[in-house]
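The values are calculated or read from the model by the stated rules, or taken from the named source; none is laboratory data. The model shown is predicted, which means the values in this text are computed figures rather than measured ones. Cβ placement follows ideal geometry from the backbone for every residue including glycine, while neighbour counts extend to all protein chains displayed. Calculation scope for accessible area: heavy atoms of the full protein, side chains included, ligands and nucleic acids excluded. Shrake-Rupley method; radii C 1.70, N 1.55, O 1.52, S 1.80 Å.
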Amino acid sequence: PLSTARLTDPSNLMSWTEARFYGQLRAFFAYKWRAVKSKEGTPTAEQLASYIKTIKTQIDGILGKNRPAKAIDPIAKAYAGMGWDWGHNKQKGEKAASKEDLIKMLETLGKAFYDIERECRQKIAEALEPTEHDLENLDNGVDKLWELDAKNRMKPGVDYELDLQKGKRSREEGDKASRPLFKFVKKESLDARPTYKAFLALLDNYERAVGVAEVETAQEKKEIRTFLATCLQTNVMKYAHKWLAAKGKVSKDPKEFFLLLQKLWFEMYKRDYNAKRPDSSGFEHVFVGEERNGKIVGCHNWLQLWREEQLGNMNYLGYIYPYR
């Protein structure tokens with residue numbers, strides 16, 4: 001539901017309405033794409049033409065009187081690409097559209113309206129003040145963080161790509177992957193994102209083994225401050241700070257929030273109780289990983305996995321089948 005705060009801002013209301021409208025079109029084309037692709041056999045030219053005409057009628061039902069160029073232009077272009085006159089809802093020329101043409105058209109429009117819907121939601125998310133709706137529960141706040149990160153996060157198939165290969169059951173032994181997990185990670189994409197560059201600079205600052213005391217150099221402390229400062233300049237962390245402050249969980253003072261994050265993530269403590277000095281931190285465990293009794297603990301970060309694979313320290317054995 002829309003909160004009162006959202007309704008009082010006409011631009012927010014318009015963006016939500018647009019997002020729902022384009023989301024409906026995206027869902028429609030995605031559904032039709034799955035339906036046509038999964039259907040066995042090859043339809044006759046007459047059957048296919050009849051189906052395409054039906055789709056046009058259904059699209060008109062979604063559009064209603066709302067026919068912005070942002071919606072009509074990609075549809076007309078995609079229809080023209082398979083030799084179909086969108087306006088008159090009939091085939092152009094003598095060559096009939098094929099099933100493959102229809103699948104490609106539906107896929108193209110599904111992706112196009114996904115991008116447009118995402119753009120609308122991004123505009124909503126860029127209003128950094130949490131609304132009543134955002135503050136209702138943690139899920140709503142996290143959803144907005146995800147939207148705010150849309151421009152900064154690495155995109156699969158563009159900035160990186162995985163090669164999953166074969167899977168196995170959780171207790172099954174053996175190597176199901178002869179190739180690395182990462183097909184590629186574009187260095188220029190990493191370099192273009194200040195938060196990624198600052199993060200990667202931290203990964204070689206830690207002792208791998210649990211129980212070995214950590215010693216922070218002046219340079220490493222500077223890298224930590226740079227990383228936190230860079231993150232706090234992003235809309236993601238600006239919003240996170242405002243959300244937490246509105247909930248009374250943190251101070252509204254940016255400096256105090258900075259120091260809190262530094263303490264939570266980078267203050268050293270003993271993971272091995274027998275260690276004479278602190279040997280771990282929250283950041284090291286979660287993002288870098290540690291070795292204890294010959295096994296890796298922590299390391300919940302894909303960039304570190306990629307880095308370890310690049311260094312020859314990780315051998316990908318295949319993925320685990322999801323539980324059914």
Self-check item: Lys pairs under 13 Å by Cα in the stretch 157-201, provided they are eight or more residues apart or on distinct chains
Solution: 4
Quiz item: What number in nm² do you get for the stretch 155-273 if you take the convex hull of its Cα atoms and divide its surface by four?
Solution: 11.6 nm²
Quiz item: Tilt of helix 69-81 relative to the longest C-alpha principal axis of the chain, in degrees (0 to 90, nearest 10)?
Solution: 70 degrees
Quiz item: Amide H to amide H under 5 Å from residue 184: which residues, 5+ apart in sequence or cross-chain, H placed 1.01 Å off N in plane?
Solution: 161
Quiz item: Which length gain, in nm to one decimal place, applies between residue 80 and residue 226 when the Cα-Cα distance is subtracted from 0.36 nm times their residue separation?
Solution: 47.4 nm
Quiz prompt | Neighbour net charge for residue 74 - beta-carbon separation under 10 angstrom, K R +1, D E -1 | solution = +1
Quiz item: Counting other Cβ atoms within 10 Å, which GluC sites (Glu not before Pro) in the stretch 149-205 have at most 11 and lie in a DSSP loop?
Solution: 173
Exercise. Using only Cα positions of the chain, each an equal point scatterer, no hydration layer, compute I(q)/I(0) via Debye at q = 0.08, 0.12, 0.15 Å⁻¹ and quote the log10 values to two decimals.
Key: -0.58, -1.08, -1.28
Quiz item: Which lysines have a Cα less than 30 Å from the Cα of residue 53, not counting those fewer than 8 places away in the same chain?
Solution: 32, 37, 39, 65, 70, 77, 90, 92, 95, 99, 104, 111
Practice problem: Pop the C-beta distance of residue 173 and residue 204 into the FRET formula with R0 = 35 Å and round what comes out to the nearest 0.05. | Solution: 0.65
Quiz item: At q = 0.13, 0.17, 0.18 Å⁻¹, what log₁₀ I(q)/I(0) does a Debye calculation on the Cα points of the stretch 45-161 give, no solvent, two decimals?
Solution: -0.69, -0.91, -0.96
Self-check item: Net length gained if the chain between residue 217 and residue 295 were fully extended (0.36 nm per residue, minus Cα distance)
Solution: 25.4 nm
Practice problem: Work out, in µm²/s and without decimals, the Stokes-Einstein translational diffusion coefficient of the stretch 245-324 at 10 °C, 1.306 mPa s, Rh from Kirkwood over C-alpha pairs. | Solution: 102 µm²/s
Quiz item: Which whole-number value in Å² is the accessible area per residue of the stretch 208-324, probe 1.4 Å?
Solution: 65 Å²
Exercise. Round to the nearest 0.05 the FRET efficiency obtained for residue 267 and residue 245 when R0 = 22 Å and r is the Cβ-Cβ distance.
Key: 0.55
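Quantify, in whole percent, the carbon and sulfur part of the accessible surface of the chain (1.4 Å probe; protein heavy atoms only).
Values: 10690 of 19850 Å².
Percent of accessible area from carbon and sulfur atoms in the chain: 54.
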